[in-house]
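Colleague: I'd like to ask some things about the structure below.
The values are calculated or read from the model by the stated rules, or taken from the named source; none is laboratory data. Keep in mind the model is a prediction, meaning the values are calculated, not measured. We place every Cβ from the backbone using ideal geometry, glycine too, and count neighbours over all the protein chains shown.
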Amino acid sequence: MTTGRALYFQGAQGPLLGVLHPAAGGRPRGHILHLPAFAEEANACRRLVSQAARALSDAGWSVLLFDLRGTGDSGGQFKEATWSGWTDDARAALNTLLHDRAPTNDTPVWLWGARGGVALALELLAAPQSLPTALCNLLAWQPLWSGQQVLQQWQRVDAARSWLHAPSPASDRIPVDDAAAITWVGGYPLSGGLKAGLLASAPKPVPPVGRLVWLDTLPTADATDPPLGTQRQLARWTAQGGPAAWRGLAGPSYWASVSTANHPALITATAQALQDTPDASPPG
Amino acid sequence: MPPMKLLPEVLTVLDQALQLEGRASTFDAHTPLLGALPELDSMTAVALIGALEVHFGIQFNDHDLQATAFETVGSLCELIEQTLG
């Protein structure tokens, strides 16, 4: 089994920690950049993401994991984070992974987002200064598709906290109209800039990119027929981008709580989906 | 009397979303949730909400997501029933 190598690289506003899992066997079959979930969800996902990164590098992919500014072992504080800064960090990470070379047909590039990391991936793909994105594919784990959806999740955490304990003081709740204030959500200080960026990040048209592999984890049984809302999102993708495939895998809510629960079906499905060539049939 | 029609499905989703390892099979409509179930914290509550939305193909109105809806298994079933229309 391959092991990861820690490296620091320069992000938009300071050093970022990455862990590079080099492709087993030398020349990689392609490159995968992981865009992490945010805040507490990033911690909850960390173990499974590392397991999947090792499995993918064993399968011949070069995989880069990294911590966004103000999270994990990267520089800065969470309260300084902004949406545009995180998008710039993601671009710096992609450049690091690709050694500043553009993607080619020979070595496909996958952006692998978990939860809010998918919204960040779309932001990166939509940014005009990004690398040529037509050859980029998207692997989405339990995706949130826009910054607005990320913010809604955080607001729900905030609301749920008030159900369990004394209600938060008004000043501690997320004000929707005060872009300058720091607010605390689930123990994380949310900067005015991050909040404003999330609010401005509406669901966007899908950029003309490659394939989408969307892997949801469901509480009950495996599924191959996507729910209605998922079908609409898949249709939007295929109208603009490349082929899209969805699978629902029964398993634990790995993004919601730090636990030692394993989810081998998700790791296997991820490796299988990416193993297909771009023209191959979608998984499922 | 809370609606019982959805109970089995709700218990299945509850068990998986909160990783109760089968304990939910002993629950009924009167089983208390908020404050009684240590696995139900603010993070897992949101995961449970999301799992219910996916499972039942619904979108909760955030105004309906109040503590009272999560007091018991039965009140949660009522919220889903109401959202399903």
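Colleague: Out of segment A:221-247, which residues are farther than 15 Å from residue A:144 by Cα and either among the aliphatic types (A, V, I, L, M) or in a strand (DSSP E or B) (or both)?
Modeller: Once the filter is applied, which keeps residues that are farther than 15 Å from residue A:144 by Cα and either among the aliphatic types (A, V, I, L, M) or in a strand (DSSP E or B) (or both), segment A:221-247 yields A:221, A:223, A:228, A:235, A:239, A:244, A:245, A:247.
Colleague: If you take the residues in segment B:65-75 that are more than 10 Å from chain A (Cβ to nearest Cβ) and not in a strand (DSSP E or B), which one is surrounded by the fewest Cβ atoms within 10 Å (Cβ to Cβ)?
Modeller: Filtering segment B:65-75 down to residues more than 10 Å from chain A (Cβ to nearest Cβ) leaves B:72-75.
Next cut, not in a strand (DSSP E or B) only: B:73-75.
Values: B:73: 24, B:74: 21, B:75: 19.
The residue in question is B:75.
Colleague: List the strands (runs of 3 or more DSSP E) inside segment A:122-197, counting only whole elements, that have at least 3 residues being modelled with pLDDT under 85 and either within 14 Å of chain B (Cβ to nearest Cβ) or surrounded by fewer than 23 Cβ atoms within 10 Å (Cβ to Cβ) (or both).
Modeller: Values: elements: A:136-141, A:183-185, A:188-190.
Passing ranges, in order: A:183-185.
Colleague: What tally of residues in segment A:8-29 results from selecting those that are touching a residue at least 60 places away in the same chain (Cβ under 8 Å) and on the phi < 0 side of the Ramachandran plot?
Modeller: Our first condition is that a residue be touching a residue at least 60 places away in the same chain (Cβ under 8 Å); within segment A:8-29, this holds for A:9-16, A:18, A:20, A:28-29.
Narrowing further to those that are on the phi < 0 side of the Ramachandran plot: A:9-13, A:15-16, A:18, A:20, A:28-29.
Looking only at that region, the number is 11.
Colleague: Can you find a residue in segment B:8-18 that is at the interface with another protein chain (Cβ under 9 Å from one of its Cβ atoms) and without any contact (Cβ under 8 Å) to a residue 12 or more places away in the chain?
Modeller: Taking every residue of segment B:8-18 in turn, at least one turns out to be at the interface with another protein chain (Cβ under 9 Å from one of its Cβ atoms) and without any contact (Cβ under 8 Å) to a residue 12 or more places away in the chain.
Colleague: Condition check: facing another protein chain (nearest Cβ under 10 Å), under 22 Å from residue A:230 (Cβ atoms) and surrounded by 13 or more Cβ atoms within 10 Å (Cβ to Cβ). Does residue B:34 satisfy that?
Modeller: Numbers: facing another protein chain (nearest Cβ under 10 Å): yes; under 22 Å from residue A:230 (Cβ atoms): no; surrounded by 13 or more Cβ atoms within 10 Å (Cβ to Cβ): yes.
No; evaluated as a whole, the condition is false for this residue.
Colleague: Which condition number does residue B:62 fail, the rest of (1) free of Cβ contacts under 8 Å to residues at least 60 places away in the same chain; (2) of a type outside the set (Val, Ile, Thr); (3) more than 8 Å from chain A (Cβ to nearest Cβ) being met?
Modeller: (3)
Colleague: Another question, then. On the basis of being more than 7 Å from every other protein chain (Cβ to nearest Cβ), under 27 Å from residue A:41 (Cβ atoms) and either crowded, with 21+ Cβ neighbours inside 10 Å or under 13 Å from the mean Cα position of the chain (by Cα) (or both), does residue B:22 make the cut?
Modeller: Details: more than 7 Å from every other protein chain (Cβ to nearest Cβ): yes; under 27 Å from residue A:41 (Cβ atoms): yes; either crowded, with 21+ Cβ neighbours inside 10 Å or under 13 Å from the mean Cα position of the chain (by Cα) (or both): no.
So residue B:22 fails the test.
Colleague: Condition (residue is exposed (fewer than 14 other Cβ atoms within 10 Å of the Cβ), small (Gly, Ala, Ser) and either within 21 Å of residue B:12 (Cβ to Cβ) or more than 12 Å from chain B (Cβ to nearest Cβ) (or both)) applied to segment A:256-274: is it met by at least one residue?
Modeller: Among the residues of segment A:256-274, at least one is exposed (fewer than 14 other Cβ atoms within 10 Å of the Cβ), small (Gly, Ala, Ser) and either within 21 Å of residue B:12 (Cβ to Cβ) or more than 12 Å from chain B (Cβ to nearest Cβ) (or both), which makes the answer yes.
Colleague: Taking residue B:40 and the conditions (1) within 11 Å of chain A (Cβ to nearest Cβ); (2) among the aliphatic types (A, V, I, L, M); (3) assigned to a helix (DSSP H, G or I); (4) closer than 20 Å to residue A:164 by Cβ, which numbered condition does it fall short on, given that it satisfies the others?
Modeller: (3)
Results for (1) free of Cβ contacts under 8 Å to residues at least 12 places away in the same chain; (2) out of contact with any Pro (no Cβ under 7 Å at 6 or more places or on another chain), shown as yes or no for each residue.
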residue: B:25; (1), (2): no, yes
residue: B:29; (1), (2): no, no
residue: B:32; (1), (2): no, yes
residue: B:36; (1), (2): yes, yes
residue: B:40; (1), (2): no, yes
residue: B:45; (1), (2): no, yes
residue: B:52; (1), (2): no, yes
residue: B:67; (1), (2): no, yes
